[in-house]
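Below is one structure, written out as structure tokens; the observations come after it.
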Amino acid sequence: MVGVCTYNEAANIRAMIEQLRASLPEADLLIVDDNSPDGTATIASELADADPQVRVTVRKHERGLGSAIRCAMSDAIEHSYDYFLNLDGDLSHDPAQLPTLLDRAIANPETDVVVGSRYVAGGTIVGWPLRRRIMSRMVNAFATLCLRLPVKDCSGSMRCYRVESLRQLNLGDWNCRGYALLEELLVLLDRRGAVMTEVPITFTERQQGQSKLTLGEAARSAFQIVRLAFK
């Protein structure tokens with residue numbers, strides 16, 4: 001199953017769904033939308049009406065990437081999928097690269113998480129200014145060092161999880177609600193002895209719409225990562 005969390009992605013959601021269905025035609029797709037005022041869920045629902053492998057969940061009383069990812073993961077666990085794949089909903093992640101993550105997971109049954117990484121050999125970032133590149137490198141270096149995680153890209157959402165590994169976690173115990181949940185999830189899995197690996201991906205700055213990562217959200221995420229390091 002592929003999960004995509006959205007908020008105000010009307011400009012991208014049609015292309016996202018079409019590209020995902022082309023890259024993983026046998027996979028089911030769940031769109032978790034936070035009641036976007038721009039009509040993202042309406043567009044997704046129209047596509048879902050014509051495709052039984054596409055479903056849409058609209059959350060009217062919750063907000064935030066962390067809880068949206070948790071919602072999608074809970075659905076994957078409830079329906080007993082073998083793998084759960086996640087990526088950003090703004091096409092900064094190329095859906096055509098998802099099969100590489102899934103193939104790695106299938107080829108290595110002991111692997112619990114395959115991370116699509118910008119920071120291993122072959123990984124690239126397109127369209128970011130130098131300032132943002134430096135900030136991202138610093139955050140990931142801090143997370144790798146202080147959280148003792150065995151991967152270089154801890155903040156990217158393009159991943160493939162073995163659902164049985166997620167089932168062993170208590171999703172209700174997660175503390176992080178925003179972007180820091182991506183690091184917290186790796187920490188919780190790592191503490192249970194999960195095996196993680198990385199494959200290189202290309203990350204491209206969004207072409208349509210506006211980023212949800214505000215300065216305030218970045219500050220909150222950094223604070224939560226520090227809390228995780230000392231927890």
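The values are calculated or read from the model by the stated rules, or taken from the named source; none is laboratory data. Note that the structure is predicted; figures quoted are calculated from it, not measured. When we count neighbours, we look across all protein chains shown, and the Cβ atoms used for this are built from the backbone with ideal geometry, even at glycine. For the accessible areas, the whole protein counts, side chains as well, though only heavy atoms, and no ligand, DNA or RNA atoms are used. Shrake-Rupley method; radii C 1.70, N 1.55, O 1.52, S 1.80 Å.
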Worksheet, complete the sentence: Per its Cα gyration tensor (rounded if a/c is under 1.5, else prolate when a/b beats b/c, else oblate), the range 1-122 is best filed as prolate
Item to complete: Rank these residues by their accessible area, most exposed first, probe 1.4 Å: 61, 79.
Response: 61, 79
Discussion item. Please give me, ordered by residue number, the trypsin sites (Lys or Arg not before Pro) of the range 109-183 that lie in loop per DSSP and have at most 15 other Cβ atoms within 10 Å.
Written reply: 148
Discussion item. As a test of the formula, what do you get for the chain when each DSSP H run with n ≥ 4 contributes -39,500 (n - 2.57) and the sum is divided by the residue count, at 222 nm and rounded to the nearest 500 deg cm²/dmol?
Written reply: -12500 deg cm²/dmol
Worksheet, complete the sentence: Rounded to one decimal in nm, the spacing of the 7 Å Cα→Cβ label points at residue 141 and residue 195 is 3.1
Worksheet item: Anyone know which of 19, 168, 53 comes out most mobile in the 10 Å Cα GNM of the chain?
Response: 168
Fill in: Restricting the range 1-49 to GluC sites (Glu not before Pro) in coil, as DSSP defines it, with at most 16 other Cβ within 10 Å
26
Discussion item. What figure, in Å² to the nearest 10, do you get for the accessible area of residue 160 with a 1.4 Å probe and non-protein molecules left out?
Written reply: 0
Worksheet entry | Whole-Hz ³J(HN,Hα) from phi, Karplus 6.51 cos²θ - 1.76 cosθ + 1.60, for the range 160-165, glycine and proline x | 10, 10, 6, 4, 4, 5
Practice prompt. Would you work out if the range 89-163 is rounded, prolate or oblate? Take a ≥ b ≥ c from the square roots of the eigenvalues of the alpha-carbon gyration tensor; rounded if a/c is under 1.5, else prolate when a/b is larger than b/c, oblate otherwise.
Written response: oblate
Fill in: Three-way shape label, the range 101-145, alpha-carbon gyration tensor, a/c 1.5
oblate
Worksheet item: Of all trypsin sites (Lys or Arg not before Pro) in the range 20-76, which ones are in loop regions per DSSP and have a Cβ with at most 16 other Cβ atoms within 10 Å?
Response: 60, 63
